[in-house]
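Have a look at the structure below, then the notes.
The values are calculated or read from the model by the stated rules, or taken from the named source; none is laboratory data. Nothing here was measured: the structure is a model prediction, and the numbers come from that model. Cβ sites come from the backbone with ideal geometry, for glycine too, and all protein chains shown count toward neighbours. To get the accessible areas, we keep the full protein, side chains included, count just its heavy atoms, and leave off ligands, DNA and RNA. Shrake-Rupley method; radii C 1.70, N 1.55, O 1.52, S 1.80 Å.
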Amino acid sequence: PHNLQNKFFSLKTITVQSEHNIYDNVVRSKLKNYYGENILFLKKKLIIDNLREIDFIENIKIVKKLPNELIIIFEEIVPIAIYEKNSEKFLISSSGKLVKIANHKKYNDLPQVYQMDSVEEFVIFYSMLREAKFPIDLIKNFIFYKIGRWDLELSDETIVKLPSANVNKSLKKLNLLFKSGYLGNVNLIDLRVENQIITE
């Protein structure tokens, strides 16, 4: 009967669930050695560790569906910017993961981050921008200053200088300016002094 049980519980199907289906095949090919194994004895942790080697996925869950199916659920990372350190380029994901990249051309449209202190800080700032409904696609570069504030360089070369405190308030002001079309042709928008907007 032992042999029968082995046959009955041997892994036949690996089902992959993800939002964008970009890495489904990579995941499947990484798991092909598990086919035929007894599903009862498969260790989820080992499978997850194996899949963690794929840089672009995270939050992996594994469900055993008896008698012979494994369901793999994961999220793909969403790249939001590029960061260069010691002449190596990394993608920053929306969850704050740094992933080394070889093919940068594919990510040419992403903004670059300079002088970043910590990924967490950048991700917090980025979510502030999103919350303030700032048009992120206008940003070409993010530049961080040690005193704890950011400059934004926009795609039309305009520089936006943000304060280190009350950033949310400044971003809302900035948005209103953009919407009003008042800015016209300026090279610099300085919001560092509270309740003042200086343009050049």
Counting only protein heavy atoms with a 1.4 Å probe and every protein chain in place, the carbon and sulfur fraction of the accessible surface of region 102-181 in whole percent equals 54
So, with +1 on the Cβ of K and R and -1 on the Cβ of D and E, and no other charges, what is the size of the charge dipole of region 1-99 about its Cα centre, to the nearest 20 debye? 500
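If you place +1 on the Cβ of every Lys and Arg and -1 on the Cβ of every Asp and Glu, how big does the dipole about the Cα centre of the chain come out, in debye to the nearest 20?
That gives a dipole near 860 debye.
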Which of the lysines could be linked to residue 179 by a straight reach, that is with a Cα gap under 16 Å, when you skip same-chain ones fewer than 8 residues away? 133, 169
Paramagnetic reach from residue 99 (point 7 Å along Cα→Cβ, amide N under 18 Å) across region 16-52: 16-31, 48-52
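Compute the relative contact order of region 99-200 as a whole-number percentage, counting only Cα pairs closer than 8 Å that sit 6 or more residues apart in sequence.
RCO, region 99-200: 20 percent.
May I ask you to give the solvent-accessible area per residue for region 1-79, in square angstrom, as obtained with a 1.4 angstrom probe?
Result: 64 Å² per residue.
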Show which lysines lie in cross-link reach of residue 65 when reach means a straight Cα distance below 18 angstrom and same-chain residues fewer than eight apart are skipped. 7, 12, 32, 43, 44, 45
Which of the aspartates and glutamates could a cross-linker span from residue 85 if the Cα-Cα distance has to be under 13 Å and same-chain partners fewer than 8 positions apart are dropped? 117
Using alpha-carbon pairs under 8 Å, 6+ residues apart, how would you state the relative contact order of the chain in percent? 12
